[in-house]
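Here's the structure, in structure tokens; my notes come after.
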């Protein structure tokens, strides 16, 4: 370790277990023209992204080369770890922010600690602008935010500011992406305000059993007597998490026979539930009601879980999940069950408030499905006609097609400019003695391709070729990123659009925290905890 660090009390205590640093460097690479797009690095040249680890004596301890210049640093590091690069237990490397925060690696603290004076006007937008400038991020397609009026103002501010930045994709029309997880929480929470008495009876029955260890032990015996094979246990829901209501009902349904058995084993069970609120214990009709409700909530639970993942692309999943939910709500609106009908009507009204207005919907939700080789335009158009009213459907379909063509044209012009810059750069690089004839022929090849495109490309543009090509077979384990990786040479412009669009997150929260957008609430059981335990729960956000 360097003496400047080891002998300085400001640094050494915090760097005691560091064993070196990791960084990436882009090394110039000569590759065939059909592979140049994959190897085009940060400075618009064909490069390799090389990962190198050094110790504090500046000696290399690990090097991984061969990754294309477009590969993200975190992806290269992940490959190195899979190939045997190990960090000793309890030690860690310094990295830059591109490698991410993971065990054994310490990036700079890039989060911004600040306190907004007010959540209105342009305050939030100014903070977003400041963060992006501090991080050096000028190229971005959209910003995913919670569904709040203050965020609408913030995105409006950002639309005005990006006019002078490098990115102005469709003049900011696609900039505002509303967080799906937050939006679904609002819809379901609003619908559950009309929750029926059957849910309350099940809730009170669970609370009665969980109030005493002796009762809980007796209930477990009932589960064994009924030979119920499940690992689920009794759990109570909490006010700020609709998912807890779903999980409570989902577990209780499997234990229905045990509840019936328990009512015979404990004479106080039925009497207490009748005297406490007059609702009584759950009967067969109640169990049928909560079974229907649980099935309904499962659709929203699965939707939130799928679109909140952090290890795979999510934008292309939302449309399919959303269609399923809308169809389910429509079916329940015409249901004979009055409670379910009222709840579905309330949720459908809330849903259409945000996703029923063609002017408010971010069209990337539909464009990304067009970019999936399984579906394309016909599928999107057909699904829109199924879930929207005719007036909205017609306008929305026109908006999607217009935005797709405008997006393609903007990327096509940008790609043509990149090719021209590459030609100029290659033509000027005459000082390099390495294969000069090869470099000259590459320039001529590029010119020929441009000539061929001008000669017969107008008859059928690249986007039309992609859309008219037969859709691929729909398989469960399909990897859309891999498909575009191997087909971007056939559709370079559409491939660029796909690369940028698929990177957009449709949720601002990870799946493990997607179901708790409300504030932390101490229920009547936790309110008796000691201050020290409560402080620990708050600090751990548990």
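Taking R0 as 35 Å, what FRET efficiency do you get between residue 224 and residue 279 from their Cβ-Cβ distance, rounded to the nearest 0.05? Taking R0 as 35 Å, the efficiency between residue 224 and residue 279 is 0.80. In a fully extended conformation the segment linking residue 43 and residue 138 would gain 32.8 nm over its present Cα-Cα distance, using 0.36 nm per residue. Annotation: the antiparallel percentage among DSSP beta bridges lying fully within the stretch 3-106 is about 75. Across the stretch 194-227, no residue has a backbone nitrogen under 11 Å from the label position 7 Å along the beta-carbon direction of residue 271. With R₀ set to 25 Å, the beta-carbon distance separating residue 216 from residue 532 gives a calculated FRET efficiency near 0.45.
Projected label points at residue 409 and residue 331, each 7 Å from Cα along the beta carbon direction, are separated by 4.3 nanometres.
Per-peptide packing, taken as the mean over residues of other Cβ atoms within 10 Å, places 146-152, 496-502 in the sequence 496-502, 146-152 from highest down.
Our note on the geometry: Cα centres of the stretch 379-405 and the stretch 67-104, 43 Å apart.
The packing ranking, built from the mean of other Cβ atoms within 10 Å per residue, places the peptides 373-384, 124-135 in the order 373-384, 124-135, highest first. Note on residue 25 and residue 386: their simple-model spin labels are 5.5 nm apart, each label 7 Å out from Cα toward Cβ. Note on the stretch 148-227 and the stretch 254-298: Cα centroid distance 25 Å, given to the nearest whole angstrom. Computing FRET efficiency as 1/(1 + (r/R0)^6) for residue 244 and residue 395, where r is the C-beta to C-beta distance and R0 is 35 Å, gives about 0.35.
Between residue 65 and residue 310, the simple spin-label model (points 7 angstrom out along Cα→Cβ) gives 3.4 nm. When you restrict to C-alpha pairs under 8 Å that are six or more residues apart and normalise by the size of the stretch 190-307, the relative contact order lands at 33 percent.
Exposure proxy ranking for 488, 345, 142, based on other Cβ atoms within 10 angstrom of each Cβ and starting from the fewest, stands as 345, 488, 142. The relative contact order of the stretch 123-178, computed from alpha carbon pairs under 8 Å that lie at least 6 residues apart in sequence, is 47 percent.
Only the coordinates and a few stated rules stand behind these numbers; no lab work does. Just so it is clear, the structure is predicted and the values come from calculations on it, not from any experiment. Glycine also receives a Cβ, built like all others from the backbone with ideal geometry; neighbour counts cover every protein chain displayed.
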